[in-house]
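Following: one structure in structure tokens, then a few remarks.
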Amino acid sequence: MDILQAIILSIVEGVTELLPISSTGHMIVVSHLMNIPQNSTHVNFEIAVQLSAILAVCYQYLDKLRRGHLWKKILVSFIPTGIVGLLFYREITALFSVTTVALTFILGGIVFLVVEWFYREDKCTTRSLEDITYRQSLMVGVAQVFSLIPGTSRSGATIIGGLLSNLDRKAATEFSFLCAIPVILTATLFSMYKNLENLDTGDIYILIVGFVVTFITTLLTVRLFLKYVEKYNFVPFGIYRIVFGLILLLFFS
């Protein structure tokens, strides 16, 4: 992997990790198009950029995480995913394939369209992070369990869970960002543990570039996406998921 490839992959990770379009499918396609080998360098790179993305979220919401009980609600949302992920890790890993990713892309897109069809934001009871209840946090956490299926999109699952729990679009989106903290952090640490023999500093410049570019891209994505959801719905993302899933089926399955 060279510097240019690292920059491109970092931008893809930073843009797709927190949007409801699944970073997994996009990383598969972009890596394939650039003929990037799935070796130890790639493993180290994925660990670095995922860690960078979640640190960007922490930086964005540092003030809100410092005060109140928001962090407790985030942990409540993590419980279902943590339990299911721990108990069924091997079964979940076995599900990974391009076909599975493509099909869940399409199914997730359809779910977004259906939910948006019936969703009425004027009837929402929760419009800020501070007003989210523990019950709503748990409901979002249950929805997040579906993101263990490759291609589902953790962000997509939690946003849908938020919308179905009477959160408005912005609150659902922001809570989705925050729910990523324990999930991605745990997954990253677990990946580091599973790949200890592959962790080295031989490609330190690649990792530094990936980390910095992902951090900046994620931060910009978070801020722009929040402005988007204040005015628009998630229908374009549902359509995009369906189209992208069909492309995956046609060319990569």
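The values are calculated or read from the model by the stated rules, or taken from the named source; none is laboratory data. Model, not experiment: these values are computed from the prediction. Glycine also receives a Cβ, built like all others from the backbone with ideal geometry; neighbour counts cover every protein chain displayed. Accessible surface is based on the protein model in full, side chains and every heavy atom, while ligands, DNA and RNA are left aside. Shrake-Rupley method; radii C 1.70, N 1.55, O 1.52, S 1.80 Å.
Considering only residues of segment 1-27 that are open to solvent by 40 Å² or more (accessible area, probe 1.4 Å) and either touching a His at 6+ places or on another chain (Cβ under 7 Å) or of a type outside the set (S, T, N, Q) (or both), which is nearest to Thr221 (Cα to Cα)?
Here the residue is Val15.
Any residue at all in segment 83-99 that's at pLDDT 90 or above, under 16 Å from Gly156 (Cα atoms) and either open to solvent by less than 30 Å² (accessible area, probe 1.4 Å) or of a type in the set (A, V, I, L, M) (or both)?
no
Of Phe45, Phe78, which residue is more than 30 Å from Ile132 (Cα to Cα), among the aromatic types (Phe, Trp, Tyr) and either open to solvent by less than 20 Å² (accessible area, probe 1.4 Å) or assigned to a helix (DSSP H, G or I) (or both)?
Answer to the selection: Phe45.
Assuming Thr81 fulfils every condition listed in (1) farther than 24 Å from Ala172 by Cα; (2) among the polar types (S, T, N, Q); (3) in contact with a helix residue (DSSP H, G or I) (Cβ under 6 Å, 6 or more places away or on another chain) apart from one, which condition is it?
(1)
Of the residues in segment 1-49, how many are over 12 Å from the mean Cα position of the chain (by Cα) and among the acidic types (Asp, Glu)?
Count: 2.
Which of (1) open to solvent by 60 Å² or more (accessible area, probe 1.4 Å); (2) part of a helix (DSSP H, G or I) does Gln38 not meet, given it meets every other one?
Here Gln38 meets the rest and fails (2).
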